[in-house]
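Notes follow the structure.
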Amino acid sequence: MTYILEPLPFAYNALEPYFDEATMKVHHNKHHQAYTDKFNATLKDYPQIAAEPAQEVLRKLHTLPEKIRQAVANHGGGYVNHNFFWSILKKDVAFQGEIADAISKTFGSRENFEKEFKKAALSQFGSGWAWLILNSKGELRITKTLNQATPLSDGHIPLLALDVWEHAYYLKYQNKRADFVDAFFNVINWDYVSHLYDEAQKHLECR
Ligand code: MN3
């Protein structure tokens, strides 16, 4: 069993001018490919683990053999996080649906949510991710993780993610991570995030 780097679900230039084509190409073809290859290499001698969906492997991170745990966190996390990241990106999708209501209820308003999310993204020192997650109590929360750590490993359900590694923005935005975060708010696929929220709630209800 090997994990596959799927093509992006959109053209490399589809998110212009917010996320530029050159960055999307190197991010997907080089960075995401490298995580995929190293994840496969890490699990080369562990076919039983590699037979599981990648997200499931990361959910069980703490139960994996110690010898490979950190490598799975790094490369498997990178593989899964980027798959997820691409899935929630789309230009010109209205902020609406159940998720919009839930965000307004939890954070006061869309503007306030963006402010809080930006704060998390900017305060992640060095490399990592900012997230909107549903926790096990069914609450929306903004979190951040270091390097390629995923909220899946803490039992949370990711609804939205922003890669704040420099490779995600340096070509276009250089050191201006704040501008990159502002651009991100224009390329969120709220329809899909709303669908994920719906599925996440069902999942919690039937546990
Ligand atoms: Mn990345």
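For the chain, what's the relative contact order in percent, using C-alpha pairs closer than 8 Å and at least 6 residues apart?
Contact order relative to length: 24 percent.
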- Message: Can you compute the charge dipole magnitude of the range 14-68 about its Cα centre, using +1 on each Lys and Arg Cβ and -1 on each Asp and Glu Cβ, nothing else charged? Give it in debye, rounded to the nearest 20.
- Response: 220
- Theoretical FRET efficiency, 1/(1+(r/R0)^6), r = Cβ-Cβ of ARG207 and ARG69, R0 22 Å, to 0.05: 0.30
- Message: Under 16 Å between alpha carbons, and skipping anything fewer than 8 positions from LYS202 in its own chain: which lysines qualify?
- Response: LYS137
- Item | Cα-centred dipole magnitude for the range 99-178, charges only on beta-carbon of K, R (+1) and D, E (-1), debye, nearest 20 | 200
- Loop-resident trypsin sites (Lys or Arg not before Pro) in the range 129-198 with no more than 11 other Cβ atoms inside 10 Å, DSSP not H/G/I/E/B, are LYS137
- The pairs in LYS25/LYS105; LYS60/LYS144; LYS90/LYS176; LYS25/LYS144; LYS60/LYS119 lying past 27 Å Cα-Cα in this model are LYS25/LYS105; LYS60/LYS119
- Message: Treating only the Cβ of Lys, Arg, Asp and Glu as charged (+1, +1, -1, -1), what charge dipole size does the chain show about its Cα centre? Round to the nearest 20 debye.
- Response: 520
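No lab work stands behind these numbers, since they all come straight from the coordinates. Source: prediction; values computed, not measured. Positions of Cβ are backbone-derived with ideal geometry, glycine not excepted, and every protein chain shown enters the neighbour counts.
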